[in-house]
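Working notes, structure below.
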Amino acid sequence: MISRISLSSSGPEFSRLVYGTWRFLDDPATANPADLLKRLHACLDLGITTLDTAEIYGLYRVEEFIGQTLRLEPGLREKFEIVTKSGIYVPCDFHPDRKVAHYNATAARIVKSAEKSLRFLGTDYIDLLLVHRPDWLTSADETAEGLNRLLKEGKIRSAGVSNYNVHQFDLLNSRMDQPLVTNQVEFSLLHMDPIYDGTADQCQKLGIKPMAWSPLAKGALMDTTQPASARLHAKALELSAKYGNATLDQLAYAWILAHPSQPLPIIGTNKMDRLLATAKAAEIQLEREDWYGLWEAAQGQSIP
């Protein structure tokens with residue numbers, strides 16, 4: 001079973017691996033509530049109880065799809081923690097009035113989007129709401145006003161951000177009535193910025209856990225035509241037997257899980273077999289030299 005972890009000292013308890021919903025509508029073969037219901041039950045069997053979504057996913061259609069699925073089985077929603085995000089608005093069929101892609105983290109927009117998410121998901125609370133991207137035209141006071149209002153009204157149980165740098169996080173956090181509980185950032189063997197730019201250090205300092213999106217580098221990890229990926233595939237072959245015939249993607253998840261900031265990687269797949277295989281990554285305890293060996297393969301050089 002996948003272990004559980006608290007995002008902060010007073011924050012929500014989530015499963016250590018999170019099921020991501022970004023591509024839920026990409027494959028017509030799986031884009032139906034019955035198929036998703038099977039995957040959700042597989043998640044529960046594995047101990048994966050946290051779902052990550054966003055209002056923009058599926059061009060504003062994924063939340064509604066999740067809600068349709070949860071309504072198939074009374075009580076299913078209460079078995080999951082739901083994370084959603086707001087703040088990115090793009091021209092599309094759902095919003096034909098929009099002409100330019102933009103961010104909006106004003107109080108009124110945050111509240112309106114959260115209330116729409118509640119309606120689409122068919123729930124009366126969201127476990128964690130994230131501001132999806134920093135909005136350069138909105139003050140921290142304004143953004144905090146919206147989040148604080150939703151927290152006070154009980155529409156969300158905790159708040160956090162996504163893709164914020166350390167200064168943006170500190171600023172918004174200073175205006176919150178209830179501290180932010182996470183920063184969801186891109187983190188993988190091919191995108192190590194969080195361990196260089198201070199994000200992971202800030203999380204440790206504040207006693208919060210980051211969430212890691214695109215842990216397989218948007219699929220680039222599997223592209224052996226790229227030098228870094230080719231080196232990582234070779235290293236994975238070298239290490240595989242030592243870790244129970246682990247695949248590169250399993251080792252990639254284990255590499256993230258091993259970091260002392262205790263990130264929560266987000267799994268993004270519509271395939272049952274990949275979901276089951278990824279869950280095995282949580283059982284892998286990388287030895288120190290092997291963690292650095294994967295770092296070295298990704299970087300193409302030894303440590304400084």
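Below is a table of values for the structure above.
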item: Verdict on Glu73 being in a loop (DSSP other than H, G, I, E, B), open to solvent by less than 10 Å² (accessible area, probe 1.4 Å) and either on the phi > 0 side of the Ramachandran plot or in contact (Cβ under 8 Å) with a residue 12 or more places away in the chain (or both); result: no
item: Some residue of segment 293-301 being free of Cβ contacts under 8 Å to residues at least 40 places away in the same chain, open to solvent by 30 Å² or more (accessible area, probe 1.4 Å) and either in a loop (DSSP other than H, G, I, E, B) or within 16 Å of Pro215 (Cβ to Cβ) (or both); result: yes
item: Residue that is farthest from the chain's Cα centre (by Cα), among those in segment 7-24 that are closer than 17 Å to Arg274 by Cα and open to solvent by 50 Å² or more (accessible area, probe 1.4 Å); result: Arg23
item: Among residues of segment 192-232, those that are more than 22 Å from Pro12 (Cα to Cα) and open to solvent by 50 Å² or more (accessible area, probe 1.4 Å), counted; result: 11
item: Which listed residue is open to solvent by less than 20 Å² (accessible area, probe 1.4 Å) and in contact with a His (Cβ under 7 Å, 6 or more places away or on another chain), from Leu275, Leu248; result: Leu248
item: Selected residue (criterion: most open to solvent (accessible area, probe 1.4 Å)) from residues of segment 137-154 that are touching a strand residue (DSSP E or B) at 6+ places or on another chain (Cβ under 7 Å) and not polar (S, T, N, Q); result: Leu151
item: Boolean, Ser86 is open to solvent by 30 Å² or more (accessible area, probe 1.4 Å), in contact (Cβ under 8 Å) with a residue 40 or more places away in the chain and within 24 Å of Val111 (Cβ to Cβ); result: no
item: Leading residue by the ranking (least open to solvent (accessible area, probe 1.4 Å)) among those in segment 45-65 that are in contact with a helix residue (DSSP H, G or I) (Cβ under 6 Å, 6 or more places away or on another chain) and assigned to a helix (DSSP H, G or I); result: Glu63
item: Segment 89-108 - residue that is within 22 Å of the chain's Cα centre (by Cα) and touching a residue at least 24 places away in the same chain (Cβ under 8 Å) and, of those, surrounded by the fewest Cβ atoms within 10 Å (Cβ to Cβ); result: Val90
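The values are calculated or read from the model by the stated rules, or taken from the named source; none is laboratory data. This structure is a prediction, so every number in the text was calculated from the model and none was measured. Ideal geometry is used to build each Cβ from the backbone, glycine not excepted, and the neighbour counts take in all protein chains shown. These accessible areas exclude ligands, DNA and RNA; they are computed on the full protein's heavy atoms, side chains included. Shrake-Rupley method; radii C 1.70, N 1.55, O 1.52, S 1.80 Å.
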